[in-house]
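Q: Please see the structure below; I have some questions.
Quick note: the coordinates plus some simple rules give every number you see, no bench work behind them. Model, not experiment: these values are computed from the prediction. When we count neighbours, we look across all protein chains shown, and the Cβ atoms used for this are built from the backbone with ideal geometry, even at glycine.
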């Protein structure tokens, strides 16, 4: 593919440029966009066509490829290794108990800690020891936008913080976040990720059971665990009229949520958002609960 180099901060110039081949997508490399060039126009270099991947689904956590589901075949492993050239390929078999500790097997290459970058934030973790859910990316961005668009600063409880999946983008959006995590390994990575993103002044980490760590009243409470609805009464004791609670579940849990809210003296307006398909006929959903 014939391309020209354009700095990312100057990418606006290519919107109306006549030399751009708009049938192809630009290729990013560091601070440079390699922009496809029409046949009749001069170019800076030629780069080989990118191969289209047609193998088993995976995602990258840092430089480690992660697979879920059934044990991969040798052919599937070889295809992934040849396509993305990872440091290692990790098979995650399941998540164990409330700590969401992954049961894993390194099936190719080597593992260890990574620095995973997403939406401008750095997440320090070892994917053999703690989970990282790529499917929550849009949900993290959605909640961060809500916080950023609020004209007043928010105090937020992240009840199942993990390594900072929601805490980092929420703090980056301007909130003061109380991040709670029961898994000591994940908590250690949470603290390191907070420091790596220079958010120590915005995030207060607490190790232990979130039900006993909640303190005061929060403007927003994030409950990013599929059993969250069972712990909603604890969260409601630290909410007020005007608070918003984001409750994750497999399938809608509106009736239970409304019953808990009314039992605590609130009325609830509930908006349901689909995050991703969890299994056939079942969705990972988030209920935005507005209390009054």
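Q: Roughly how many nanometres apart are two label points built 7 Å out from the Cα toward the Cβ at residue 28 and residue 278?
A: 3.1 nm
Q: Considering only C-alpha atoms, what is the centroid distance from segment 26-71 to segment 213-292, in Å?
A: 39 Å
Q: Compare 241, 249, 206 in a GNM of the chain, Cα atoms joined below 10 Å, and give the one with the largest fluctuation.
A: 241
Q: Give me the extension gain from residue 290 to residue 137: residue separation times 0.36 nm, minus the current Cα-Cα distance, reported in nm with one decimal.
A: Full-extension gain reported as 52.8 nm.
Q: While we're looking at this one, here's another question. Anyone know which of 91, 108, 34 comes out most mobile in the 10 Å Cα GNM of the chain?
A: The residue with the greatest mean-square fluctuation here is 34.
Q: Please state the shape class of segment 237-292: rounded when a/c is under 1.5, otherwise prolate if a/b exceeds b/c and oblate if not, all from the C-alpha gyration tensor.
A: prolate
Q: Per the helix-only calculation at 222 nm, which mean residue ellipticity applies to the chain, given -39500 (n - 2.57) for every DSSP H run of n ≥ 4 and division by its residues, nearest 500 deg cm²/dmol?
A: Dividing the helical sum by the residues of the chain leaves -6000 deg cm²/dmol.
Q: Rounded, prolate or oblate: which fits segment 43-163 when a ≥ b ≥ c are the square roots of the eigenvalues of the alpha-carbon gyration tensor, with rounded for a/c under 1.5 and prolate only if a/b beats b/c?
A: Judged from the Cα gyration tensor, segment 43-163 comes out oblate (a/c at least 1.5, b/c at or above a/b).
Q: Treating the angle as unsigned and between 0 and 90°, give the value, to the nearest 10°, between the Cα long axis of helix 254-263 and the longest Cα principal axis of the chain.
A: 40 degrees
Q: Another question, then. So how tilted is helix 184-196 from the main axis of the chain? Cα-based, degrees 0 to 90, rounded to 10.
A: That works out to roughly 60 degrees.
Q: Now a separate question. Along its three principal axes, how long is segment 94-206 when you only count alpha carbons? Whole Å, largest extent first please.
A: For segment 94-206, the Cα extents along the three principal axes come out at 49, 24, 23 Å.
Q: Shifting gears a bit: Between 117, 13, 140, which gets the highest mean-square fluctuation from a Gaussian network model of the chain, Cα cutoff 10 Å?
A: 13
Q: Another one. Relative contact order, percent, of the chain when contacts are C-alpha pairs under 8 Å separated by at least 6 residues?
A: 10 percent
Q: Which distance in nm do the two modelled labels at residue 19 and residue 230 give, with both placed 7 Å along the Cα-to-Cβ direction?
A: Result for the modelled spin labels: 6.3 nm.
Q: Quick one: Debye curve from the alpha-carbon atoms of segment 2-46 only, equal weights, vacuum; give me log10 I(q)/I(0) at q = 0.18, 0.25 Å⁻¹ to two decimals.
A: Listed by q, the Debye log ratios stand at -0.44, -0.87.
Q: Answer rounded, prolate or oblate for segment 28-96, using the Cα gyration tensor with square roots of eigenvalues a ≥ b ≥ c: rounded when a/c is under 1.5, else prolate when a/b is larger than b/c, else oblate.
A: prolate
Q: How would you rank 145, 52, 100, going from fewest to most other Cβ atoms within 10 Å of each one's own Cβ?
A: In increasing order of surrounding Cβ atoms, one gets 52, 145, 100.
Q: What angle do you read, to the nearest 10 degrees and between 0 and 90, between the alpha-carbon axis of helix 74-84 and the longest principal axis of the chain?
A: Once rounded, the angle reads 70 degrees.
Q: Next question. What FRET efficiency comes out for the pair residue 250/residue 152, r = Cβ-Cβ distance, R0 = 35 Å, nearest 0.05?
A: My answer for the efficiency is 0.55.
Q: Where in segment 33-65 does the amide nitrogen come within less than 12 Å of the point 7 Å from the Cα of residue 75, taken along Cα to Cβ?
A: What the label zone holds, given the 12 Å backbone N cut-off, is 55-56.
Q: For mean projected area of the Cα convex hull in nm², several values are listed as [x] 18.0; [y] 14.0; [z] 28.2; flag the one computed from this structure.
A: For mean projected area of the Cα convex hull in nm², the calculated option is [x].
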